[in-house]
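Peer 1: A single structure is presented below for examination.
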Amino acid sequence: MTLSRNELRGWLLEQDPQRLAQLWAAADAVRRDSVGDAIYLRGLVELSNICARSCVYCGVRRENREIERYRMTLDEIVGCAAAAASLGIGTVVLQGGHDPHEDPNAITAIIHAIRAVSPVAITLSLGEHPRARLAAWRAAGADRYLLRFETSNPTLYARLHPRLAHEEHDRMQGLAWLRELDYEVGSGVMVGIPGQSVDDLVRDLELFRTLDLDMIGVGPFIPHGDTPLAKHPEAFPKAEQDQVVADVLTTLKVIALTRLLCPWANLPSTTALVTLGGSAAREASLNAGANIIMPNFTPTHYREQYEVYPGKSVTEPAQVVASLHEMAARLGRTIGHGPGHAREHSRASGQILR
């Protein structure tokens, strides 16, 4: 579906409930035609909260001394992956901070160990790495890689994500390498970053389409309390015009517009959205184009230390999965089986919303 820049801007600023109901319905119809009614689950495993970066909003930034740092063992990680598979989940997502001391061969070993016990698809979300390392992980059996660009505004990105010394590449380069290496490629943005304008968000949406992403994660901006942005918000001014609001409604608009622009992509109902708006926000996102949910399988004693932002649920995964089956039935949807790979260019037809 083609939406002009003015149309995207208009929808992001729209407040009329009746008009927005049309947007939700259009996105839901495109979702149904493009990726079907199945909601696919991804078992999230947070490998490590050790991070070399100093992102000004993130609770695992290297300067935060209020959390206990950890790295999960190989056996712990494989156990989490097996637990996810036992509940019928076809994908595990291995997530961690930018850990400069993690042996890249350890990630290769993790991939091989999971492959030995389960046929699940493996998604990596481990930050920026050299091309050769990404290639080695792909050769070992990783299927997907999630690398969020967070905002297409380079000035805003640099303000929030101080560059590491001697860093020779950036996230856009990383996304290009992932495509060359035949990963399923995921990215995404935060909604409502201080300094983010509606026009910035329009450019984010256009970049989703240009990058032809397989997975797109959109969540509201939630700063952690032990970070510069939370402690000194005056140092991070809002956009001079049309500052984006970090709320559920705006995030739902972005999810719906993403579905219209990228009908074949897998779109999660993100943890950040549910943290902000609860189960009602999850259901609303599934009715506005989302088709993925990521239950957290990280052991509780680690999960409490992987606090990128505050307020995440610590509910046991088996209980979460059971409730998701109930929710899917209530919505007239099903929980998908298998890995739920992105469908290549399965574009839906439909009228452009005016």
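Peer 1: Karplus couplings for segment 120-129 from phi (6.51 cos²θ - 1.76 cosθ + 1.60, θ = phi - 60°), rounded to Hz, Gly and Pro as x?
Peer 2: After applying 6.51 cos²θ - 1.76 cosθ + 1.60, I find 4, 6, 10, 9, 9, 9, 10, x, 8, 9 Hz.
Peer 1: Got a number for carbon plus sulfur as a percent of segment 148-240's accessible area, 1.4 Å probe?
Peer 2: 52 percent
Peer 1: Let me ask something else about it. Roughly how big is segment 1-142's charge dipole about its Cα centre, with Cβ charges of +1 (Lys, Arg) and -1 (Asp, Glu), in debye to the nearest 20?
Peer 2: With Lys and Arg at +1 and Asp and Glu at -1, about 360 debye.
Peer 1: Cross-link partners among lysines for Lys312, C-alpha distance below 25 Å, same-chain residues fewer than 8 apart left out?
Peer 2: Leaving aside lysines fewer than 8 places away in the same chain, those within reach of Lys312 are Lys231, Lys253.
Peer 1: Less than 11 Å from a label point 7 Å out along the Cα-to-Cβ axis of Glu68: which backbone N atoms in segment 295-322 qualify, by residue?
Peer 2: 301-305
Peer 1: Could you state the accessible area per residue of the chain in Å², with a 1.4 Å probe and every protein chain left in place?
Peer 2: Per-residue value: 41 Å².
Peer 1: With a 10 Å radius around each residue's Cβ, average the other Cβ atoms per peptide and rank 312-320, 43-51, 238-246, 250-258, highest first.
Peer 2: Most protected by this proxy first, the peptides run 250-258, 43-51, 238-246, 312-320.
Peer 1: Which distance in Å, rounded to a whole number, links the C-alpha centroids of segment 275-314 and segment 222-273?
Peer 2: 15 Å
Peer 1: While we're here: Scan segment 165-226 for GluC sites (Glu not before Pro) in coil per DSSP, keeping those whose Cβ has at most 15 other Cβ atoms within 10 Å, and list them by number.
Peer 2: Of the GluC sites (Glu not before Pro), the ones in loops of segment 165-226 whose Cβ has at most 15 other Cβ atoms within 10 Å are Glu167, Glu168.
Peer 1: Which percent of the accessible area of segment 1-110 is formed by carbon and sulfur heavy atoms (probe 1.4 angstrom)?
Peer 2: The nonpolar share, carbon plus sulfur, comes to 50 percent.
Peer 1: Now, a different point. Take each of the peptides 266-276, 7-17, average the number of other beta-carbon atoms within 10 Å over its residues, and list them starting from the highest.
Peer 2: With the highest mean Cβ count within 10 Å placed first, the list reads 266-276, 7-17.
Peer 1: Which ³J(HN,Hα) values in Hz, rounded to whole numbers, follow from the phi angles of segment 293-308 under the Karplus curve 6.51 cos²θ - 1.76 cosθ + 1.60, where θ = phi - 60° and Gly and Pro get x?
Peer 2: Result, ordered by residue: 9, 10, x, 8, 9, 5, x, 4, 5, 8, 4, 5, 9, 9, 9, 4 Hz.
Peer 1: Above 15 Å lies some portion of the pair distances; for segment 1-75, what is it as a whole percent of all C-alpha pairs?
Peer 2: Counting every Cα pair in segment 1-75, those more than 15 Å apart make up 75 percent.
Peer 1: Follow-up question, since we're still on this one. Rolling a 1.4 angstrom probe over the protein chains, ignoring ligands and nucleic acids, what is the accessible area of Val30 in square angstrom, nearest 10?
Peer 2: Accessible surface of Val30 is approximately 10 Å².
The values are calculated or read from the model by the stated rules, or taken from the named source; none is laboratory data. None of the values given here were measured: they were computed from a predicted structure. Neighbour counts run over all protein chains shown; Cβ positions are idealised from the backbone, glycine included. For accessibility, only protein heavy atoms count, side chains too; no ligands or nucleic acids. Shrake-Rupley method; radii C 1.70, N 1.55, O 1.52, S 1.80 Å.
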